[in-house]
Amino acid sequence: PLVQLTLTKELIRQYPHIALYVADREELIGGQVLAKELFESDKGVLETSHLLTAFEILRETDYLLICPAYLARSEGATRDIVALTLPVDLTFSVQYSLIAHRRTDHSPMHRWLWQEIIDTVQAMRFRTVHRG
């Protein structure tokens with residue numbers, strides 16, 4: 001029902017949400033008030049730790065799942081699910097750190113793995129999700 005509308009915080013609150021359980025969600029969003037408000041709904045929140053369960057619920061209901069865009073890109077898992085992009089003023093970012101011990105500095109295998117991780121994360125961040 002939201003495909004033809006411009007998403008707003010107020011409109012998002014009018015729909016029930018699915019929340020993916022993240023053990024340290026509070027630490028991830030920290031003091032970002034906007035982020036906390038995005039995960040609230042006047043219609044209730046169903047929380048699950050299983051992504052495929054969340055996608056099945058989305059297929060059968062008008063629930064919303066606010067998640068990183070890369071989760072909506074799995075074509076097989078998100079078949080028949082409409083992915084909408086949040087307006088820029090409703091987005092937030094999470095800073096990640098990749099840390100390694102100094103003893104791995106000269107290990108070709110560790111350097112290779114390090115670069116694979118960086119390339120994978122960058123590829124996930126810069127692809128776009130299109131309206132359904």
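Nothing in this text is a laboratory measurement; each read-out follows from the coordinates by a stated rule. Everything numeric in this text was worked out from a predicted model, so none of it was measured. Here Cβ is always computed from backbone atoms with ideal geometry, including for glycine, and neighbour counts include all displayed protein chains.
Remarks
- Prolate/oblate/rounded label for the range 41-120 (Cα gyration tensor, a/c 1.5): prolate
- Gyration tensor (alpha-carbon) shape descriptor, the range 64-110, a/c threshold 1.5: oblate
- Residues Gln122 and Tyr21, FRET efficiency given R0 of 30 Å [Cβ-Cβ distance, rounded to 0.05]: 0.70
- Residue-span extension gain [Arg59 to Thr104] - 0.36 nm each, minus C-alpha spacing: 11.7 nm
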